Every structure is written in C-alpha cells, then in structure tokens.
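The values are calculated or read from the model by the stated rules, or taken from the named source; none is laboratory data. What you see is a predicted model, and the numbers here were worked out from it, not measured in a lab. Cβ placement follows ideal geometry from the backbone for every residue including glycine, while neighbour counts extend to all protein chains displayed. Surface areas here come from the heavy atoms of the whole protein model, side chains and all, with no ligands, DNA or RNA. Shrake-Rupley method; radii C 1.70, N 1.55, O 1.52, S 1.80 Å.
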Amino acid sequence: MDVHQASISIAVNDAAGKLLMECIIETKAATILEFIRGLRGSLWVTFEEGTSAAWLYDLLKPHVTKVVVCDPRRNALLKAGNKNDRVDARKLSDLLRAELLTPVYHGESGVRTLRELGRSYLTVTQDLTRVMNRLKAVYRSWAIPCAGQAVYLPRHRAAWLEKLREAGVRRRAEKLYQQLDCLVRIRKETRKELMAESRKHPASALLQQIPRLGPIRVALLIALIQTPHRFRTKRQLWNYCGLGLRTRNSGEYRYREGQLQPSRKAPALRGLNVNHNHELKNIFKSAATQAGVSTDPLGDFYQNLLATGMEPPMARLTLARKIAAVALKIWKKGERFDPAKLKQQAA
C-alpha cells in the first residue's frame, strides 16, 4: 500500500511474485476493510511509516496474517527510476515478498496514553524553549545584556520592558511574555499528567532505582521504548538510541603461506549511527553528563574511566551506553539496581 491522505494505491502479488491486482481506494476505514475482506488466502500487508501508519496498523492487524510498517529511509529501490503511487506500491509489494523491508516497531497499546502524554510534554518543552530564545533575541538585538533567568521572571518583567524604548519592540516582547506564561502553565499540567500516568506502570519504580533517572526521564523512557523485549541485546538498544558505533572494514581475510587468516587491520570508526531516536539519546546523554559531576556509583564509574586515560567525551559516551544497558536489563528481568555489580565492572 502506498498511503496518502486522500487515497491509497494498492498492488497485490501472489507468493510467486505475479501481479494479481492494482487499484486505488479512498483512505477510509470502511473502504479499506471492505477491500481486505474481498481478498482470499494468507495476507501480508506493508506500507511506509508516516502520519497514518499507527491508525492503519491498528485497523489492519486483526484482519490479516502480518502487517509490516517499513522504514522509508531504507527503501532505496523506491528512489530508482520513475516514481508515482502505482510504481511505489508495486515496489513495496516486491520488497515485502523478498523480505527486504526494515520494519518499524508498532504495538503495546497499553502504553498509548503515556506515549501521547510524552509526545505532548516534549513538544511543549520545545515550544517553550523556542519562545524563551526569541525573547532573549529581542533584548540582544538592542544590545541589552540579558544573561541568566531573571529576564523570564514575572516580578522583574516591568523593569525589563522599560529597557525597550521602541513601542513596537516593547509590544512584541509583551506578546512573547504572554506566550511564555501560557506555555509554562501547559507544561506544568502536562508534566503532572505524565508523572501520574507513569506511576501506573510497574517499570517506573524499577527504573527510578538507577541514579540520574528521575520520574520525568523514566516516564519518557517507558513512553518511547514501550517494551524492552523489542531489543534482543543491548547493542540493538544502543543503535536505536544513537549510541552505536559505525565501523567500516574491507579485506578482512588474506592468505599467508597457503592458509586463510584474518587480517590484523582494525575496523575504521566512523562516529555514531545517524539514524536514531533523538529523544532517547538526549535522555541517556543528559543523565551521563549529570552523573559525571556526581558522587553516586555512576559518577565513580565515570571517574574510573578517566583514570584509565580515556578522554572525557568518550567516557561520557561509555557511561551513557552503560546506563542504557543497565536500564534494559533491569526492565527485562525485574531486578533491583545493584551498585556493587557496577563497581566490579569498573574494576
């Protein structure tokens, strides 16, 4: 299916790859289900991740054998040759049959309320930061120093507005202050609802045992990951969070005296993986940054890394990976956080 707001282009192939049907239907639940019921056999359906992906996944899941929501950034075949809805639907069908699609996780409807609240909290926080930056930009544009948080406080607001001599600029600042007050109130309400919903999940109490993972970070962690069992190993979680290392290697084996032996050339590092969840990376990196200046077990782990000669940026990355790995293990197995194990690993 090539899904759009008003219409869906569909290509139906059989197991041998023969094109059986092509059609265009309206993007409505009743129309889609009527079309699905008209098909026989075991149905596998795929479409790309997008605005309507979650809705369409929930709609089709009970009626077909398998639903694959694929990552459009990995579908290189769609970029080759001519492009239109009919061609894209055919190519998606071929990729599905060959099992060459990269699936995007959909599921765990039990955390949907928390997931939506987490999205609201992150969006409001971004909007609030944007308004605060715009407000300071107004003062900086008139060469008025505005370092610190005093420019945002209501009790100092009149004094700051008096520094703006131009009536139009002052009026603009007043509108920004109104936006700021509104967003601060919405953010507090959203934060309260987010924490209340997070306490309903058993994983919340488990993950808050980890130092530097407070109620807000844990709530966002549960909302973004949904379930730890989607990651078989910690390395899969690292890649999803943008903490996985990208390596490049070629010519891994060579013949020496008639024997095939591995090359001693080390793989070249190319930084961290680019395709990742930015909110999750921010959670683990910010937790690692705070832990680096603390005296808790994670802070001791960071100091031990520095004592071995590791550079501070690499030590913070290693600590962020460690926090992610510990969170995954505790969440999966329901264990308690044990600082002694962390000290043994550091030693």
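Summary table
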item: Most positive-pole-ward Cα, MET1, LEU77, THR31, against dipole of the stretch 1-154 from beta carbon charges; result: LEU77
item: Extension gain, LYS175 back to ASN273 (0.36 nm per residue minus Cα-Cα distance, nm); result: 31.2 nm
item: Options ILE210, ALA223, THR51, ranked by Cα towards positive dipole end of the chain, top entry (Cβ charges); result: ILE210
item: Computed helical MRE - 222 nm, the chain, DSSP H runs ≥ 4 contributing -39500 (n - 2.57), nearest 500; result: -16500 deg cm²/dmol
item: Alpha-carbon centroid distance for the pair the stretch 169-189 / the stretch 276-321, whole angstrom; result: 35
item: Note, ³J(HN,Hα) from phi for the stretch 276-293, Karplus 6.51, -1.76, 1.60, rounded to Hz, x at Gly and Pro; result: 7, 8, 5, 5, 5, 4, 5, 4, 6, 5, 5, 5, 5, 5, 5, 5, x, 10
item: Sparse-neighbourhood loop sites, GluC sites (Glu not before Pro) in the stretch 132-211 - DSSP loop, at most 15 other Cβ within 10 angstrom; result: GLU166
item: Cα-centre dipole for the stretch 211-303 with unit charges at Cβ (Lys and Arg positive, Asp and Glu negative), debye to 20; result: 400
item: Beta bridges by DSSP in the chain, antiparallel share as percent, to the nearest 5; result: 75
item: Dipole of the chain [Lys/Arg +1, Asp/Glu -1 at C-beta], most positive-end residue of LEU100, THR123, ILE10; result: THR123
item: Placed amide H near SER7: partners under 5 Å, 5+ positions off or other chain; result: THR27
item: Low-density loop cleavage sites - chymotrypsin sites (Phe, Trp or Tyr not before Pro) in the stretch 217-325, where at most 13 other Cβ are within 10 Å (DSSP); result: none
item: Gain on full stretching of the segment that runs from LYS188 to ASP127 - 0.36 nm per residue minus C-alpha separation; result: 20.6 nm
item: Among GLY148, GLY110, GLY271, residue whose mean-square fluctuation peaks in a GNM of the chain (springs only between Cα atoms under 10 Å); result: GLY148
item: Derived scalar couplings ³J(HN,Hα) [the stretch 264-273; Karplus, 6.51 cos²θ - 1.76 cosθ + 1.60; whole Hz; x for Gly, Pro]; result: 8, 5, 6, x, 7, 8, 10, x, 8, 5
item: Heavy-atom accessible surface of the chain: percent carbon and sulfur, 1.4 Å; result: 52
item: Most fluctuating residue given options SER263, SER52, SER141, as computed from a GNM of the chain linking Cα atoms under 10 Å; result: SER263
item: Long-range HN-HN contacts of GLY242 with modeled amide H, under 5 Å; result: ASN277
item: Violating pairs (Cα-Cα greater than 18 angstrom) within the set LYS61/LYS91; LYS234/LYS281; LYS234/LYS333; LYS234/LYS322; LYS234/LYS265; result: LYS61/LYS91; LYS234/LYS265
item: Per-residue HN-Hα couplings for the stretch 35-51 [Karplus 6.51, -1.76, 1.60; θ = phi - 60°; Hz; x = Gly/Pro]; result: 5, 5, 5, x, 9, 10, x, 7, 9, 10, 10, 9, 7, 7, 4, x, 4
item: Electrostatic dipole magnitude of the chain [Cβ: Lys, Arg +1; Asp, Glu -1; Cα centre; debye, to 20]; result: 1040
item: Qualifying GluC sites (Glu not before Pro) in the stretch 248-316, DSSP loop, other Cβ atoms within 10 Å at most 13; result: GLU252, GLU257
item: Accessible surface, per residue, of the chain when the full set of protein chains is kept, probe 1.4 Å, Å²; result: 60
item: Choice from ILE216, ILE24, ILE186 showing the highest fluctuation, given a GNM over the chain with Cα pairs closer than 10 Å; result: ILE24
